[in-house]
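> The following block contains the structure, expressed as structure tokens.
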Amino acid sequence: MQKSPLHPFSATIMAWYAKHQRELPWRQTKDPYAIWLSEIILQQTRVAQGLPYFDRLITAFPTVRDLAEAPEASLLRLWQGLGYYSRARNLQKAAQMVMRDFKGSFPPTYDEIILLPGVGPYTAAAIASFAFNEAKAVVDGNVYRVLSRVFAIETDIASSAARGVFTSLAQSLIPSQDPATFNQAIMEFGALQCTPAPDCSDCPLRVSCEALSLGRVAELPFKSKKTKVKEIEMNYLVIEQKGQVLVRERTEKGIWKGLWEFYLIENSTEWLPFQRRALKSPPVHLLSHRKIHCEAWHVQVPDNFTLEIPEGYSWMSPSDFESKGKPVLLLNLISDNLDCPILQDISPTYL
DNA sequence: AAATCGGGGTT
DNA sequence: AACCCAGATTT
């Protein structure tokens, strides 16, 4: 098989990477399980935010078997605060698939890896190249930015055609002899040098970058659609009786599936016939597509009263509730009201 | 093709 | 306030 010559772009970024790469724990290993775990954590998540979660999860679940056999609740508790919780649920489904369908050994090819739930074209290429040296080019936000600028590509990265355009280009640039380093290099280059608002004065590609010579660095990559934010209201009642609190798991589709919460009233006012005390409202909670206004009250139900438990809810001790994964909104509600004894009992011991 | 799914850092 | 982050899945 004939070797194709190394493209100048590839040579430049790989030389740059040799000098500027960060030391990250998932770069110290060839274990596909550890690499996979890191890639799922890093989906739409900055390295700095994901790092402590990687340490925590690889310690709690050192092997794919440990992850497959863990209670889902404990996984979601460890994932608490990281967001996109379907990643955690798919992570465990995939671990169980590796145990069952691949007899416990991680599948070694892109075509098999992409069959795992939660693994799409980016993550499959990352694992296949990093762990198994398969020459599949990764295309993530960094790659869109670097390639659109260096080669002055005006394709709308929000369009469905964009992935194909950039994947073809990246695949033509990746060297078959060291695909892993190329993939690491182009992403690290996008993260550290070719940033959204870059300093091009010390860029090793400044003489060949087409966007720079065209004066279009700030305009690339081009992205059309912007997300619209919907404002919603969430009212929580911390209903307490005999030292327990009324809670439920969010099982319906939508945000925070698999996480736990207090008695929720959305966009309406219905009241229990008991004395209630207003709690301090947590700050307005901003998600990428939601703006959540929250108010909360503490309700003390007399011991001798038998409360009709609403569908889906149950009584739980504060320590059991502490062990469940909760949205950051609720963590803020709890930490802002530590003068309320039962909330103090629920207050997490870490994070 | 467009919407959905979190939370946090940068500018 | 807008944009982005080692994107994937559902509608």
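> Cα axis of helix A:8-20 to longest principal axis of chain A: angle in degrees, 0 to 90, nearest 10?
Tilt relative to chain A: about 50 degrees.
> Can you tell me the 0 to 90 degree angle between the C-alpha axis of helix A:86-101 and the longest principal axis of chain A, rounded to 10?
70
> Among A:ALA70, A:ALA191, A:PRO52, which residue has its Cα furthest toward the positive end of the charge dipole of chain A, with +1 on Lys/Arg Cβ and -1 on Asp/Glu Cβ?
Checking the options against the dipole of chain A, the answer is A:ALA191.
> Kindly rank A:75-86, A:215-226, A:314-325 from highest to lowest mean number of other beta carbons found within 10 Å of each residue.
Values: A:75-86: 19.2, A:215-226: 13.7, A:314-325: 16.3.
Peptide ranking by packing, descending: A:75-86, A:314-325, A:215-226.
> While we're looking at this one, here's another question. Would you pull out the residues with amide H under 5 Å of A:GLU295's amide H, same chain only if 5 or more places away, H placed 1.01 Å from N?
Amide H neighbours of A:GLU295: A:MET234, A:ASN235, A:TYR236.
> Given points 7 Å out from each Cα along the Cα-Cβ axis, report the A:ASP66 to A:GLU308 separation in nanometres with one decimal.
4.8
> So, with a 1.4 angstrom probe, what is the percent of accessible area on chain A that is carbon and sulfur? Don't skip to the answer; put the middle values down first.
On the way: 9130 of 17500 Å².
Carbon and sulfur atoms account for 52 percent of the accessible area of chain A.
> Between segment A:64-115 and segment A:116-148, how many Å separate their Cα centres?
Centre-to-centre distance over Cα atoms comes out at 18 Å.
> Right, next: Using label points projected 7 Å from each Cα along Cα→Cβ, tell me how many nm separate A:SER4 and A:ASP339, to one decimal.
6.8
> Over segment A:230-346, calculate the relative contact order: mean separation of alpha carbon pairs under 8 Å at least 6 apart, over the residue count, as a percent. Walk me through the numbers on the way to the answer.
On the way: 204 pairs, mean separation 39.2, N = 117.
In percent, rounded to a whole number, it is 34.
> Out of all DSSP beta bridges with both ends in chain A, state the antiparallel percent to the nearest 5. Display every interim value, and only then the final one.
On the way: 17 of 28 bridges.
For chain A, the DSSP antiparallel bridge percentage is about 60.
> Let me ask something additional. A:ASP345: net charge of surrounding residues, Cβ under 12 Å, Lys/Arg +1, Asp/Glu -1, itself excluded? Don't skip to the answer; put the middle values down first.
Numbers: positive: none; negative: A:GLU240, A:ASP320, A:GLU322.
So the environment of A:ASP345 carries a net charge of -3.
> In percent, how large is the relative contact order of chain A, given Cα pairs closer than 8 Å and 6 or more residues apart?
Here the relative contact order equals 16 percent.
> Among A:TRP315, A:GLN177, A:ALA95, flag the residue with its Cα farthest along the positive direction of the charge dipole of chain A, charges on Cβ as +1 for Lys/Arg and -1 for Asp/Glu.
Ranked along the dipole, the leading option is A:GLN177.
> At 25 °C and 0.890 mPa s, grab the translational diffusion coefficient of segment A:8-219 from Stokes-Einstein with a Kirkwood Rh over Cα pairs, rounded to a whole number in µm² per second.
On the way: Rh = 18.0 Å.
Translational D for this selection: 136 µm²/s.
> Now for a separate question. How large is the dipole of segment A:8-219 about the Cα centre if only Lys and Arg carry +1 and Asp and Glu carry -1, each at its Cβ, rounded to the nearest 20 debye? Walk me through the numbers before you get to the answer.
On the way: 19 positive and 20 negative charges, 65 e Å.
Its charge dipole is roughly 320 debye.
The values are calculated or read from the model by the stated rules, or taken from the named source; none is laboratory data. What you see is a predicted model; the values in this text were computed from it and never measured. Neighbour counts run over all protein chains shown; Cβ positions are idealised from the backbone, glycine included. These area figures cover heavy atoms from the full protein model, side chains too; ligands, DNA and RNA do not enter into them. Shrake-Rupley method; radii C 1.70, N 1.55, O 1.52, S 1.80 Å.
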